[in-house]
Amino acid sequence: MTTTDLERWTRVKGRLRAEVGEEIFLSWFSRMELERVQESVAHLTVPTRFLKSWIQSHYIDRVLACWQQEHAEVQKIDVAVRSAVIRTTVPKIKPIEASEPVRHAGNGKLEMDGARIAFGPVSTGHDALGGSPLDLRLTFDTFVIGRSNTLAHAAGKQVAVARRGDPVMFNPLYIHAGVGLGKTHLLQAITWAGNNGNERKVLYLTAEKFMYGFVSALRMQTAHAFKEALRGIDVLVIDDLQFLQGKSTQAEFCHTLNALIDAGRQVVIAADRPPTDLESLDDRVRSRLAGGLVVEMGPLGEELRLEILKTRVLAARHYHPSFDVPAPVLAYIARSVTHNGRDLEGAINRLLAHNKLTGQPVTMEMAEREVRDLIRPQEPKRVKIEDIQRIVARQYNVSRADLLSSRRTANVVRPRQVAMYLAKTLTLRSLPEIGRRFGGRDHTTVLHAVRKIEGLVGNDAMLADEIEVLKRQLQD
Ligand code: ADP
Ligand code: MG
């Protein structure tokens, strides 16, 4: 595959994103990767059969049209399911062979079986039920705790260490978060840890796998056995519940859920939205889901991103001891690749691939080049000056007219300066324009206000907090 293809692909994704919107893009296309372009066919891959069939039946023409706008020669799109767990567009690095022995040591640490152990899927050992493959790297050892996931982590840990017969503290444990914020990682960690010692049976299934399992059991008239087997599980872990589709599958899921919960078995669920927003599920399932512990994992903060990157580098060192990423490069990636954990993983994989393939050490320059397309232009949300005035006025309990007036009492002056400061930092309006919108003031007045507040926030923690709160209200 050439760099031109890769660049085209980046632009095709940009077009898709613009056409279908951020949310749909993230749900269906964020994990789609370009394999190669060959003889007028663009070969793309996705991680699951479900994504493949969904994209084929709903979006294939769109994808093709976007390609053709970039590269008219492409006549056809081929979507395949990729097998390894590596999610990156760089050449794959020593993927594990399905037949190779992999072990997971009882202490929750990986057993290093030569160099290759750290990549690749491995079965959960519940093949009769068709458990989804687990990734050896996704354990509690590699899960970094930060402000946004402390509660989810604690709850997950609790579930993982419980023993058979222990009272179930919260059921189901329902974790929701946006794409790439660590749901799958946490769920697989729970599965790995829970299966240690084998006293309990912990089964990890994606909702798609649940659907396929159930549908094919129906077809082969083994639905009864399937249900019985499911109900023999101690901990059922279901990932990506938002993909559960179809009336009969949902009904079956509902029965399974009820049966397990009533029998005191633990159920753990992850989805990209809270239970109340799973529109396609019926009310009873939703309320059952909401009846346990519902925890949200927020966006990864910069500190957490940095820790994740460090963990990734350490893991990579196990099998590539000479791999090193200087601290400033890590800091740069943590600062600029803000979107989600998947992009962080991708960034490290690229540096590693580059380092291995060229033998060149990782430098800032190389990092900037390699991760460029992972940095999404921070689209500043369009904030309106009216909104700023309204929200600032409310916060300081003055009227909007006060802000625009020429009154110079302290209780109006400060809020007015804050509002001007926000107008300058959150919008693209020029100083004169901001002045006009604040009762026809001169641009030097606005500049003075902006400088004043900039100077104050450095020393005045309370003011800094107030401004943070205002910004958040304006940008959410
Ligand atoms: P989700 O299932 O929510 O879409 P994943 O669990 O697949 O997200 O996470 C995406 C990537 O980010 C994975 O490589 C994962 O290991 C990493 N990641 C996310 N959160 C954390 C965390 N708290 N600690 C370590 N790695 C994380
Ligand atoms: Mg996931």
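The values are calculated or read from the model by the stated rules, or taken from the named source; none is laboratory data. Worth saying up front: this structure is predicted, and the values here are computed from it rather than measured. Note that each Cβ is placed from the backbone with ideal geometry, even for glycine, and that neighbours are counted across all protein chains shown.
Numbers at a glance
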| item | result |
| --- | --- |
| Among (1) part of a strand (DSSP E or B); (2) away from ligand 1 (no atom under 15 Å from the Cβ), the one test that Arg200 misses | (1) |
| Residues satisfying the stated conditions in the range 274-294, i.e. modelled with pLDDT of 90 or more and surrounded by fewer than 21 Cβ atoms within 10 Å (Cβ to Cβ) | Leu293, Val294 |
| Leading residue by the ranking (farthest from Val235 (Cα to Cα)) among those in the range 170-212 that are more than 9 Å from ligand 2 (Cβ to nearest atom) and hydroxyl-bearing (Ser, Thr, Tyr) | Tyr212 |
| Given (1) closer than 20 Å to His339 by Cα; (2) hydroxyl-bearing (Ser, Thr, Tyr); (3) surrounded by fewer than 14 Cβ atoms within 10 Å (Cβ to Cβ), number of the condition Ser30 does not satisfy | (3) |
| Options Thr363, Thr338: the member that is hydroxyl-bearing (Ser, Thr, Tyr) and either over 26 Å from Gly146 (Cα atoms) or within 16 Å of ligand 2 (Cβ to nearest atom) (or both) | Thr363 |
| Pick from the range 165-191, criterion in a loop (DSSP other than H, G, I, E, B) and more than 9 Å from ligand 1 (Cβ to nearest atom), ranking: surrounded by the fewest Cβ atoms within 10 Å (Cβ to Cβ) | Pro167 |
| Val412 without any contact (Cβ under 8 Å) to a residue 40 or more places away in the chain, over 17 Å from the mean Cα position of the chain (by Cα) and in the same structural domain as Arg441 (by TED's automatic domain parsing) | yes |
| The range 418-454, residues that are assigned to a helix (DSSP H, G or I) and within 36 Å of the chain's Cα centre (by Cα) | Val418, Ala419, Met420, Tyr421, Leu422, Ala423, Lys424, Thr425, Leu426, Val450, Ile453, Glu454 |
| Near pairs, Cβ below 7 angstrom, 6+ apart or cross-chain, from the range 58-69 (hydroxyl-bearing (Ser, Thr, Tyr)) to any residue that is surrounded by 15 or more Cβ atoms within 10 Å (Cβ to Cβ) | Tyr59/Trp28 |
| Test for Leu304: is it within 16 Å of ligand 2 (Cβ to nearest atom) and buried (at least 21 other Cβ atoms within 10 Å of the Cβ) | no |
| Conditions (1) touching a helix residue (DSSP H, G or I) at 6+ places or on another chain (Cβ under 9 Å); (2) hydroxyl-bearing (Ser, Thr, Tyr); (3) at pLDDT 85 or above; number of the one not met by Ser27 | (3) |
| Hits in the range 11-42 - residues which are in a helix (DSSP H, G or I) and closer than 16 Å to Gln68 by Cβ | Arg11, Val12, Lys13, Gly14, Arg15, Leu16, Ala18, Glu19 |
